[in-house]
1. Are any residues in region 322-340 touching a strand residue (DSSP E or B) at 6+ places or on another chain (Cβ under 6 Å) and without any contact (Cβ under 8 Å) to a residue 24 or more places away in the chain, and if so, which ones?
2. Condition check: more than 20 Å from residue 81 (Cβ to Cβ), in a strand (DSSP E or B) and free of Cβ contacts under 8 Å to residues at least 40 places away in the same chain. Does residue 163 satisfy that?
3. Would you confirm, using the coordinates I've provided, whether residue 29 is modelled with pLDDT under 85, outside any strand (DSSP E or B), touching a strand residue (DSSP E or B) at 6+ places or on another chain (Cβ under 7 Å) and under 19 Å from residue 443 (Cα atoms)?
4. Kindly list the number of the only condition in (1) at pLDDT 95 or above; (2) surrounded by 19 or more Cβ atoms within 10 Å (Cβ to Cβ) that fails for residue 228.
5. When the residues of region 39-59 are filtered to those that are surrounded by 18 or more Cβ atoms within 10 Å (Cβ to Cβ) and over 20 Å from residue 230 (Cβ atoms), which remaining residue is farthest from the chain's Cα centre (by Cα)?
6. For region 429-441, enumerate the residues that are part of a strand (DSSP E or B) and in contact with a strand residue (DSSP E or B) (Cβ under 8 Å, 6 or more places away or on another chain).
7. Tell me which residues, restricted to region 442-457, are part of a loop (DSSP other than H, G, I, E, B) and surrounded by 12 or more Cβ atoms within 10 Å (Cβ to Cβ).
8. Could you check region 270-286 and list, in sequence order, the residues that are touching a strand residue (DSSP E or B) at 6+ places or on another chain (Cβ under 7 Å), surrounded by fewer than 17 Cβ atoms within 10 Å (Cβ to Cβ) and at pLDDT below 95?
């Protein structure tokens with residue numbers, strides 16, 4: 001291993017200009033996100049990849065306007081821009097236009113990133129339009145995204161959607177999109193059935209009385225949104241949720257009870273074989289003074305095709321085959337109005353051909369308007385039988401974090417995040433100090449560090465791991481130019 005120490009100085013700018021009272025233009029150059037809080041660690045006990053939330057303010061602003069999702073599949077996933085495999089990619093700059101003209105919502109973004117092995121310099125673009133139709137709760141819209149590399153690679157996505165308020169709380173949602181990627185052969189690139197996705201959803205958006213949600217979804221085998229997020233392709237999905245919520249009489253300590261039955265089924269296109277599915281029963285009780293209690297019982301089915309075998313938490317081998325397993329969860333959350341509050345959850349049952357037990361606690365103390373402290377700890381015990389290809393059968397996952405937000409006044413504030421996990425075998429620290437001179441004028445001091453928990457060599461003959469994976473201290477001054 002070779003230690004790399006360097007001091008880097010850079011400059012960039014962001015300009016916000018109000019074209020009209022409802023239309024704002026943002027221009028950015030050499031965009032920097034040094035002051036952004038680190039990602040919180042997540043435990044993934046599924047065979048699918050997970051998407052982390054966006055924490056960069058530039059992309060958080062008006063993010064709902066750019067949303068075009070098919071459940072877990074997103075046509076626009078902003079973390080594709082300026083991030084790769086957990087590392088930041090320099091953004092040369094770009095523009096963003098957001099707002100409303102009459103009854104038309106407009107969102108446009110175009111950014112250019114630097115090259116970062118194995119990626120070339122790329123241009124990312126997205127245009128999102130939503131026109132209010134019929135009534136104030138209905139719209140017809142469209143989206144266009146592009147990802148173009150300097151090596152000639154292109155990925156283009158077009159989509160149309162509508163959300164119609166049929167009556168009261170009842171909505172009908174229709175969505176369709178198609179991708180075109182330069183890496184796909186011509187006979188498939190223009191084959192709508194192979195590179196498209198569509199969804200039809202009918203639902204009653206309510207929490208009291210009888211409510212429901214149904215959808216069918218088809219995803220082509222070559223569907224590939226270049227700046228989006230997709231977990232699985234070549235599938236036909238159907239989903240239903242049936243629920244009922246009611247409020248007891250006024251003298252009851254309960255504010256509301258809810259029961260639900262939910263099922264989600266992912267089938268392969270053609271044979272309609274089950275790839276992944278679950279059915280669950282859930283109840284929740286919200287009390288007037290002591291918080292809320294929830295319980296769930298769930299049956300899962302997973303069919304892993306050849307080539308889909310994987311290592312659970314990177315340790316326990318799960319081979320191809322059919323799996324059916326049952327799990328349950330019980331959780332409690334104390335009232336948000338309490339200065340000292342917490343959430344507790346217990347999960348137990350089967351997972352693939354093994355068993356698991358998980359316990360999680362998350363206390364939080366809001367001392368006053370100046371200080372907010374929270375922590376979290378999760379322990380997950382995994383136990384699997386011996387079988388071919390499996391070298392480890394038992395594993396205990398430990399994940400913990402501590403977080404603090406402090407504000408002395410409107411000018412001086414600080415936040416701290418400490419994390420530890422034996423899955424990543426790292427301990428991370430992220431500390432941010434901010435001094436706000438005035439609106440749009442900030443001075444940031446940021447410290448980031450990731451340390452290895454186990455420094456022993458991975459294989460015989462390899463050197464020991466260094467003490468630190470990454471360590472950085474950053475100073476950033478921002479001044480926002482605005483015009484009314």
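1. If we filter region 322-340 for residues that are touching a strand residue (DSSP E or B) at 6+ places or on another chain (Cβ under 6 Å), which is where we start, we get 322-334, 339-340.
Result: 322, single match.
2. Details: more than 20 Å from residue 81 (Cβ to Cβ): yes; in a strand (DSSP E or B): yes; free of Cβ contacts under 8 Å to residues at least 40 places away in the same chain: yes.
Criteria met by residue 163.
3. On the way: modelled with pLDDT under 85: yes; outside any strand (DSSP E or B): no; touching a strand residue (DSSP E or B) at 6+ places or on another chain (Cβ under 7 Å): yes; under 19 Å from residue 443 (Cα atoms): yes.
Answer is no for this residue.
4. (1)
5. Restricting to residues being surrounded by 18 or more Cβ atoms within 10 Å (Cβ to Cβ) and over 20 Å from residue 230 (Cβ atoms), the top hit is 58.
6. Here is the first cut: in region 429-441, the residues part of a strand (DSSP E or B) are 429-438, 441.
Once the filter is applied, which keeps residues that are part of a strand (DSSP E or B) and in contact with a strand residue (DSSP E or B) (Cβ under 8 Å, 6 or more places away or on another chain), region 429-441 yields 429, 430, 431, 432, 433, 434, 435, 436, 437, 441.
7. As a first pass, look at region 442-457 and keep what is part of a loop (DSSP other than H, G, I, E, B): 453-457.
453, 455, listed by residue number.
8. 272, 273, 274
The values are calculated or read from the model by the stated rules, or taken from the named source; none is laboratory data. Being a predicted model, the structure only gives us computed values, none of them experimental. FYI the Cβ positions are ideal-geometry reconstructions off the backbone, even for glycines, and counts take in every protein chain you see.
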